[in-house]
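Just so it is clear, none of the values below were taken in a lab; they were calculated from the coordinates. Given the structure is predicted, the values throughout are model-derived calculations rather than measurements. Ideal geometry is used to build each Cβ from the backbone, glycine not excepted, and the neighbour counts take in all protein chains shown.
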Amino acid sequence: QKEVEQNSGPLSVPEGAIASLNCTYSDRGSQSFFWYRQYSGKSPELIMFIYSNGDKEDGRFTAQLNKASQYVSLLIRDSQPSDSATYLCACSGGGADGLTFGKGTHLIIQP
Amino acid sequence: NAGVTQTPKFRILKIGQSMTLQCTQDMNHNYMYWYRQDPGMGLKLIYYSVGAGITDKGEVPNGYNVSRSTTEDFPLRLELAAPSQTSVYFCASSIAPLNTEAFFGQGTRLTVV
């Protein structure tokens, strides 16, 4: 059974600080890793994905992947109140059954 | 560009009733998925399809059925609704299963009473 683990939070971060979200996965066959943001009552929207070990940066967001430790993280720099949402980590082994999701981390950015 | 469209947005069903959740995408994606999301939980895969005429069970298929007669449409059928099927249902599509974005519909909030 593929599992993706996330701390459900809430994670409270002051505005302007760095928010750090973490995720571990059980399936060593996982090949690509996704971070989705979900506002309350809305559908998930993709923030970024990563498939190579190391860091990938996109604006204020940085995804980090360590396949040896089966660990994925998302850093949000200069956190804004609009970043307050639930962040879902998801993994794919490349199979047709798509993504396995974690339960999500509820992030609160305090003004 | 509409993306993935789900209908209805909200529905209340009585125990034992049946209904079909509609999902349409206009991106010519072969891969389509149905997920359910319970409060405070991640998304769990119900069924998926790799193209017209091809469907397969996901993690939680019991109580549901799907069909895929066209590339665009992937309806989800609930037979004999039960309170355990109260959830938010999301349809998604992607062009490939790996290293590509899955686009989600707006969701259907279903309550079974």
Practice item. Enter the mean number of other protein chain beta carbons within 10 Å of the beta carbon of each residue in B:29-35, as an integer. Key: 2
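Taking the Cβ of each residue in B:Ile15, A:Ile109 as the centre, tally the other Cβ atoms inside 10 Å and list the residues starting with the fewest. Spell out each step's value before the answer.
Numbers: B:Ile15 11, A:Ile109 20.
Ranking B:Ile15, A:Ile109 by Cβ neighbours within 10 Å, fewest first, gives B:Ile15, A:Ile109.
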Revision key, fill the gap. Once phi for every residue in region B:25-42 is put through the Karplus expression 6.51 cos²θ - 1.76 cosθ + 1.60 (θ = phi - 60°), the whole-Hz ³J(HN,Hα) values, with Gly and Pro written as x, are 10, 10, 9, 6, 7, 7, 8, 9, 9, 10, 10, 10, 10, 8, x, x, 10, x
Review point. Unpartnered cysteines of the protein assembly as shown (Cβ-Cβ under 4.7 Å counts as a partner)?
Key: A:Cys91
Exercise for review: Excluding residues on the same chain fewer than 8 positions from A:Lys42, give the lysines whose Cα lies under 23 Å from its Cα.
Suggested key: A:Lys103, B:Lys9, B:Lys44
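Could you please rank A:Tyr51, A:Tyr25, placing first whichever residue has the fewest other Cβ atoms within 10 Å of its Cβ? Present the calculation step by step, with values, prior to reporting the outcome.
On the way: A:Tyr51 17, A:Tyr25 23.
Lowest count first: A:Tyr51, A:Tyr25.
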Point to revise | Residue-wise HN-Hα coupling along region B:82-87, computed from phi with Karplus coefficients 6.51, -1.76, 1.60 (Hz; x: Gly, Pro) | key: 10, x, 5, 8, 5, 5
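For the protein assembly as shown, what is the convex hull volume of its Cα atoms per residue in Å³?
Details: hull volume 26.3 nm³, N = 224.
Looking at the protein assembly as shown, the number lands at 118 Å³ per residue.
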